[in-house]
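Below is one structure, written out as structure tokens; comments come after it.
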Amino acid sequence: MTSLHGCTALITGASSGLGAEMARQLAPHARALILVARRADRLEALKAELERSGVEIQCHAADLGDAAAVERVLEAVAKSGVKVDFLINNAGLGDHGLFEGSDWQRVQAMLDVNIKALTRLTHALLPGIIRSGRGAILNVSSIAGYLPMPKMAVYAASKAYVTSFTEALRGELRGTGVLVSALCPGPVETEFGSRAKRPGEDDALPAPDFLKRPVEQIVRDGLRGLERGRARTIPGLPLAVMMFLTALVPIFILRPFLGIGARNARKK
Ligand SMILES: NC(=O)c1ccc[n+]([C@@H]2O[C@H](COP(=O)([O-])OP(=O)(O)OC[C@H]3O[C@@H](n4cnc5c(N)ncnc54)[C@H](OP(=O)(O)O)[C@@H]3O)[C@@H](O)[C@H]2O)c1
């Protein structure tokens, strides 16, 4: 790790999966880590584990779906005097099933966490990141953001927002020294799949094993992609090739295939 050495990183969704692994991989190099998620016990356990490497750690238990809680995190960080120069917008959630059967609270949480909190944290922290002259923003998107996804309609649309927002910011920040990148993983085994699954529904992320990558690799590739100045990182060659080819196919050719699973689901 080169440019991220000595960083002060705020990581959302640090209580499990990719976010916790981001903290683990950054800890030996970072000056300070600020861990945010709802489950305080998980954050405290991670803090105890990582403090051994000498990094300073703050934990903030907060529901990022609650705009007031997001403001409280920002206030607490500002009050602590720690200057964030690396923002990792990783917290996110999905929902698998037909939109008509979705629970509104969950839809709202996806919009609030995947889009609104990510945008607010970026807006609040970006001026300081630019001033640092060496800052970075890593937004965790998904390959789901590349195409509309029936049965994950809102989630895929939220990730399309994340990728588009990241690309636009990258354009705006060219020449400032701030690195901006989107990490676009395919299926990876974390708590995400079981949480996106509705009671009584099929597996939320049925995917062939050759497309799955370990959490450690996803995070390593994402951090490396950011440091190398890549706009987007899709971890794993087979998936990267698949997404490259998919991007070459016009949407009118893909459209008839997109709804097949959803139509079958309604017939059941
Ligand atoms: N797993 C996959 O297959 C996959 C594929 C592509 C992209 N991604 C993306 O990767 C990111 C990380 O997901 P993951 O796979 O690591 O899943 P995960 O293990 O379920 O982790 C999600 C994290 O987000 C946090 N979070 C969720 N809702 C929150 C809320 N309302 N307030 C605060 N924190 C919240 C969770 O913490 P608490 O529950 O403690 O609050 C948890 O730390 C997400 O953005 C996801 O969309 C995942």
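The values are calculated or read from the model by the stated rules, or taken from the named source; none is laboratory data. Since the model is a prediction, treat every value here as computed from it, not as a measurement. Here Cβ is always computed from backbone atoms with ideal geometry, including for glycine, and neighbour counts include all displayed protein chains. Heads up: the accessible areas ignore ligands, DNA and RNA and are worked out on the full protein's heavy atoms, side chains in. Shrake-Rupley method; radii C 1.70, N 1.55, O 1.52, S 1.80 Å.
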- Among residues of the range 220-260, those that are over 27 Å from Asn89 (Cβ atoms) and assigned to a loop (DSSP other than H, G, I, E, B), counted: 3
- Assess whether Ile130 counts as being closer than 28 Å to Arg213 by Cβ and among the hydrophobic types (A, V, I, L, M, F, W, C). no
- Message: Quick check on the range 168-183. Is at least one of its residues assigned to a loop (DSSP other than H, G, I, E, B), away from the ligand (no atom under 15 Å from the Cβ) and under 24 Å from Arg263 (Cβ atoms)?
- Response: no
- Task: Would you mind telling me which numbered condition in (1) in contact with a Gly (Cβ under 9 Å, 6 or more places away or on another chain); (2) modelled with pLDDT of 95 or more; (3) open to solvent by 10 Å² or more (accessible area, probe 1.4 Å); (4) of a type outside the set (Asp, Glu) Phe165 fails?
- Result: (1)
- Just wondering, is there one or more residues in the range 204-215 that are closer than 28 Å to Gly259 by Cα and either at pLDDT 95 or above or away from the ligand (no atom under 14 Å from the Cβ) (or both)? yes
- If you scan the range 86-133, which residues turn out to be open to solvent by 20 Å² or more (accessible area, probe 1.4 Å), in contact with a Gly (Cβ under 6 Å, 6 or more places away or on another chain) and away from the ligand (no atom under 14 Å from the Cβ)? Gly133
